[in-house]
Amino acid sequence: MSTLERPPASDTTETPASVLAAVLVHRDTDLGGVLDAIAAQVYGPAGVTVVGGDEAARAVVEERGLRWSPSIQQLVQGLEPEIDHVWLLHGDARPRRDALAALVRDLERVDASVAGSKVLRADRPDVLESVGSATDILGEPYSGLEQDEVDQEQYDVVRDVAFVSGTSLLVRRDLLRGLGGPDRTMPPEASGIDFSQRARAAGGRVVVVPSSEVLHEGTCRATVPGWREQAGRVRALLKAYSLLTLSWVLPASFLIGLVAGLVRLFIGPRTALWDWVRAWVWSVGRLPSTLAARRAFRRARQTGDEELFRYQVRGSVVLRSLVADITERFHAATSEETGSPLAELVERSRTFWQQPAFLTTLFAAAFVVFAGRAVWFGGLPATGFALELPDSAWSTLRSYAGGWNPAGLGSPEPLHPAVGATSLLQLILLSRAGLTAAVLTAAGLLGGMVGMGRLLRRFGLGPTARLLAGLTLVAGPATQALMGEGYWPALMAVGAAPWAVHLVLAPWPEGLRRRLGRLAAAGLMTGWLAVFAPLALLLPLAAVLLWGILGDGPRWGALARAVPAGLLAVPFLFPWLAGTTLDRLLESGVAFDWLPSWWAAIPFVAAVGGAAVAGDERTSSLGLWGGVMALGGVLGSRVALAEAGREPAVAALVATALGSAVVVGAAVDSAGRLPEASLLRKGLAASALAGAVLLAAAASLVVVDGAVGLGEDRFVEQLDFAAALQGPHGGDRILMVGPPETLPGDARRADGYGYRVVSAPLPSLPEAWLSAPRLGDLELDRTLQEFLSAGTLRPGAALAPFGIRWVVATGPNPIESAFAGQLDLRRLPLSPSYTVYSNEAAQPRAVAEDGTPWSWDAPDYRGPARAGSRVYLAENGDQRWGKGWSQAGWANEVDGDSGVVSFGGSARFRWLAWAAGIELVLLAVAAVWWRR
Amino acid sequence: MKRLLGLVLVALLGVVAWLVPVPAQPPPPEELPVATTVATSARGFAECAWASSAEGLDTVIALAALADVDATLSFPRSGEVRALHETSVTGAGAVVLPVRRVLEEHAAPVLVEFSDGPAAAGVVVGSDAVLAGDPCTSASTKVWLLPGGSTRQGERLVLHLFNPFSADARVTLFVTSEHGIEPGVDESLSVAASSFTEINLDGQLPLRDSLSVTVETEEGLVIPAMELSRGADLAVWTGVTQSSEWHFPLVHTDALEPSVVLANDGLVAVEYELEFFTASGGSAPPVESGELAPTSHVRIPLGDVVAGLVGLRVTADAPIAATVVGESESGIAVTAGAPTAAKRWLLPGFGAVSGRHSLWLLNTGEEQITVTYQVLDPGGLNRDPAKIAVRPASVRRVLIEAEASAGLVVESTAPFTAAWSVEDDGAVAYSAGVPLEE
């Protein structure tokens, strides 16, 4: 240890504290710089010891006649008795001349045990790097500093903090000996947190002394990968917290890291998940040494965890950062600024809170939260086609890929593509049905609003116009009509529509790879649109054609993107498309009887007319484009009602929603683009604005509803009895009769009423779309007709072969009156609003010869395996139902010796489903990588 | 120019969308019509609202079928099926089942279910000086009428409400007499599922010359029957629905004074006509007409009108109910008519009790018809069919030896109506037939 010049004598009579400066060397440390800075201190340390380092460091030490220690632990053990404090300095630190003096003075003045310096960036000495920080309970640092915040002495007060930077800290000798010094296995920041936590837990005060300024080059961090900080924080938790705290903090840290990693796959940085994996692997690998360090620290511990909690912020810093990044992303996606240079980001962050884009984003987010609050907190209300997702996504995918379609009395026809897409997402979300429904609903709402923003931003419309257009898209009259009918899948189609149109309308990017990436993205979005509204596959092409006719600027080139995008989207409809006919595609189901009411029609006319006549060239073109699209959709839905079925009507109403939204956007901006116009023109523009606002205001009805316009749940509570009263083999089936619009999903239509069969206790989404009637359906129809024409004394016995255990009347129907004089349907007060009849002659939907019921475990039947036994399956007859199949009337009889009966399925449909899946992966990869 | 064209296109689309004709949606049914099935034909079941195995009443259930059928007889009581009996009929044939063999109760209404058809059931009582009979109904309706009752001195009138079904029933009763609407009867009452109830009308409305009861069901369904006893004799008849035409091949036998009772449950007056058909026939049968006030009934004595064999057709300008009553000092018989003619009839219970059995045939058409009839017994069609001609617009009575039989099947090439009667020692029973679908 060399003896440096002592500080000048103070005006006090006390002996100045003796300080040992310990320089912690890391790779690429320029020792000369830090040693010079130490030598220049006005409060000269009693000695300088260099800790660690390579041969070069040793050479410098020898050259300057300093001491060297291989580790901080050895230094601590060898500390001479006259040393009062140890000043721990990073090798890349450049303390100002009075840094140590300030540390010593204030450490002793406030009787602290650890005092840290204010750390400034060496390359920009006016920018703060650290001035003491808080952490959250998971050890995540929270400095509270803005990015590149300039030091204006705004934090210059000595105060207690959760941790101080390890760049420069003064530690009392006794504490340092007790704690064994900083943990050298940790990177700088984590090491600072760890040391500060242990110091506080050992009863010491940890303060920051801002008057002690240290410039920091930051090379110490450059040599340490980011995941090591994460791993170091986990190690710090394990060392400092009690077992009770660890019991929940550790799992929380694990899960939050996982969630953040997953989300950052989409918003970046994408390595976060890999870092999280490495951090935890490292932590597990180092567990023995961590536990040893924990045991060693236990001897020095003086206080409980609550002393640490005092200096921690609430919540999770990681999650807070994640939300901030998502918001920033959303803002960036919808704001009109282009490019992303850092300077622009800095500029925007300064005025972030005042920007209209931020306010509209905030409003949009609030709208999504409130419009879907019932879905977020209570799940999707079961109504119309908004039915619960099955428990097992994998089973549904088996049905989808050429398996048995469980709707009604079953069919080998493929399921609707919306079921395939939904169950695929559910599989990714670990089969969480409620979460999947919420994610899809949120994606529909958010995707629609953001997509509308992107589409209209292309045309130069402002944030308010984009916001109102987004609201009109996802909650305007057309979407409300779809949701009012319970056609929940249309929300996803509505959400995808602006993206699909935007991606084909946007000009080609530079380079072949990017162009292919764009095409893949357009194909993906068109496909996503089509799986929820198959005929809307034509919407982007139709929109492009219309824009070609009515729009301005170069526009026909979009055809070159719309056509291949549409072709790429077609395979997403497999195998459903291969299993349907053109007639069924166009005519199946019942179209929605919707015509805009006057309160929607008049504002619409005002908006279209005003924008078209009074707007500038762009808003006029947009108004006409949207108007034709919207009214074309209305016309399509009317024609569908008269001549066709549901799918054309859904596609038409999606077009109406998109067109109305474009009209609203154009009308809102047309008023603001007329600084020098005639009074008449301004008046027209004002009326357009008023009409647009009124149309967008319709969204408030959805907010009041709180269930994205789906209304109240119709089935969960009403059919609760079926779950409560079901037997060990399951609930069998429910025959639901009533007005068709009150039934779940599709309904078979009869004279003046509708009916359908659903699985008890509650129908699920795959059951929503009924297939073409088969033998069993015809037999059931004949049975019901017989009830009406001839009456029957035992309708329960007549319904038993269909596996019908319950009859539920959802509204007025003639069937129910035929049940007045019968013997085996007992009316029970089981449902709050519906009339429920229990079938006293019911038989299971699958039953062995000896009467043993088999369970429906979709898409299979299961029961006791008995050699030679035969099982009756109340499913529409199909020879692929298994070994020993024979037709039993309209149903099936098969061998039950294996205990499982499965539908053999269609290899063709299975391959088509695989093809759709492979195309999805290829397009997704291409869209992500080639567009970067 | 583009703006103008665009606006024209938008306007055109709007107008066309507005004007596209769409199919009119049927209005949602607010009040659905009650499923009413009039007993114009035999169905797979029959409800016998009255049967008894009380002391002195040898009641039998007669089951007649044209094909081999299994029959299940269930006797609901107090919410459960108290007794169950299964039997079979070799078709075409008929069997009888004494009620006492299954259940010994004062009242034992029964539900009969057939595995196939055509088949029908009837209840017949044959004891000392007591004869009664009535086919069981397979009709279901919310409104039943039971005209033909009385509570004169020495008479006992009981309304039976039978609910064999799975749902509780709530009914309202309206009673009219020669005094008009009668208050004071249990107007609203419940009949639990799988049970029955009896209302003693002679106790509540004594000394009425004529009573008609309307049973309106507000919830569920019931099958009503009336039991009228005078002296030793007994008459039983099931409720009828309303029709604007009624056929009575059987109006009177030698022993009883006939009258017809017409009941109007509606709120407007009804014009009616009575056409009398004699054995000799004729193109213009004598006619009597009259007006039936709203919510009322009328009992028209036919003793002065009828001389000899006569059939009756009642027509009205609105639906009414009608029964024929035959009475004497010691005998009583009541039967409902047939609301329509048919080509084939089953007469369950024909020959099930001893006495003088008569088949009554009414041909209201303008052509003579040939009727084939065949007695049914447990062994099937063991007896040769017989044929008889019935002149146009005429009625005919056929006395038949029906030893050990339990039913009769009657058919012709043209529609007609059939009924039967049995007489023994001054006791008389009238019974309508059951029409079969063609």
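Worth a mention:
- Across the alpha-carbon set of chain B, the Rg to Rh ratio works out to 1.10, Rh being the Kirkwood radius.
- Segment A:400-460 - Kirkwood radius from inverse mean 1/r over Cα pairs (Å): 13.8 Å
- Taking 0.36 nm per residue of sequence separation and removing the Cα-Cα distance, the residue A:160/residue A:39 pair yields an extension gain of 40.7 nm.
- In this structure, residue A:80 and residue A:184 have a Cβ-Cβ separation that, at R0 = 22 Å, corresponds to a calculated FRET efficiency of about 0.50.
- Chain A, helix-only ellipticity at 222 nm - DSSP H runs n ≥ 4, -39,500 (n - 2.57), divided by all residues, nearest 500: -16000 deg cm²/dmol
- Total charge dipole magnitude, chain B, about the Cα centre, Cβ charges on Lys, Arg, Asp, Glu only, Debye to nearest 20: 1340 debye
- Contour excess over end-to-end distance, with Cα ends at residue A:924 and residue A:712 and 0.36 nm allotted per residue: 72.7 nm
- Net length gained if the chain between residue A:428 and residue A:751 were fully extended (0.36 nm per residue, minus Cα distance): 111.9 nm
- Per-pair calculated FRET efficiency, R0 = 35 Å: residue A:126 and residue A:58 via Cβ, rounded to 0.05: 0.45
- Top positive-direction residue, dipole computed over chain B with Cβ charges, set B:406, B:118, B:57: B:118
- Segment A:458-609: C-alpha gyration tensor shape, a/c 1.5 cut-off, then a/b vs b/c: oblate
- Cα-based helix-to-principal-axis angle, B:2-19 vs chain B, degrees rounded to 10: 10 degrees
- Size descriptor for the protein assembly as shown, Kirkwood hydrodynamic radius: 39.1 Å (Cα pairs only, one decimal).
- Three-way shape label, segment A:794-932, alpha-carbon gyration tensor, a/c 1.5: oblate
- Descending principal axes extents, segment A:394-524, alpha-carbon based, whole Å: 52, 40, 26
- Alpha carbon convex hull of segment A:619-756, projected area averaged over orientations, nm²: 12.2 nm²
- Under-5 Å amide H pairs with residue A:69, H placed in peptide plane, nonlocal only: A:50, A:51, A:52
- Look at where the Cα atoms of segment B:156-191 and of segment A:197-235 average out, and the two centres are 94 Å apart.
- Rounded D (µm²/s) - segment A:584-635, Kirkwood Rh over Cα pairs, Stokes-Einstein at 25 °C, 0.890 mPa s: 196 µm²/s
- Of the Cα atoms belonging to segment A:95-230, the radius of gyration and Dmax stand at 13.9, 38 Å.
- Where only DSSP H runs of four or more residues are counted, chain B gives -1500 deg cm²/dmol as its mean residue ellipticity at 222 nm, each run worth -39500 (n - 2.57).
- Given +1 at the Cβ of Lys and Arg, -1 at the Cβ of Asp and Glu and no other charges, the dipole of segment A:541-649 around its Cα centre is 180 debye to the nearest 20.
- Of the DSSP H helices in chain A, those whose Cα atoms cover at least 27 Å axially and whose Kyte score averages 1.0 or more: A:243-267, A:433-458, A:646-672, A:907-930
- Computed label-point distance, nm, for sites residue A:259 and residue A:508 using a 7 Å Cα→Cβ extension: 4.4 nm
- Computed FRET value (nearest 0.05) for residue A:320 with residue A:152, which takes r as the C-beta separation and R₀ as 22 Å: 0.30
- More than 14 Å apart - percent of Cα-Cα pairs taken over segment B:153-234: 61 percent
- Take every DSSP beta bridge whose two residues both sit in chain A; close to 65 percent of them are antiparallel.
- Counting only Cα atoms, segment A:606-664 measures 39, 15, 14 Å along its principal axes, largest extent leading.
- Cα gyration tensor shape of segment A:546-634, rounded if a/c is under 1.5, else prolate or oblate by comparing a/b with b/c: oblate
Bear in mind that the values in this text are calculations on the coordinates, not laboratory data. Being a predicted model, the structure only gives us computed values, none of them experimental. Counting neighbours? That spans all protein chains shown, and the Cβs are built from the backbone with ideal geometry, glycine included.
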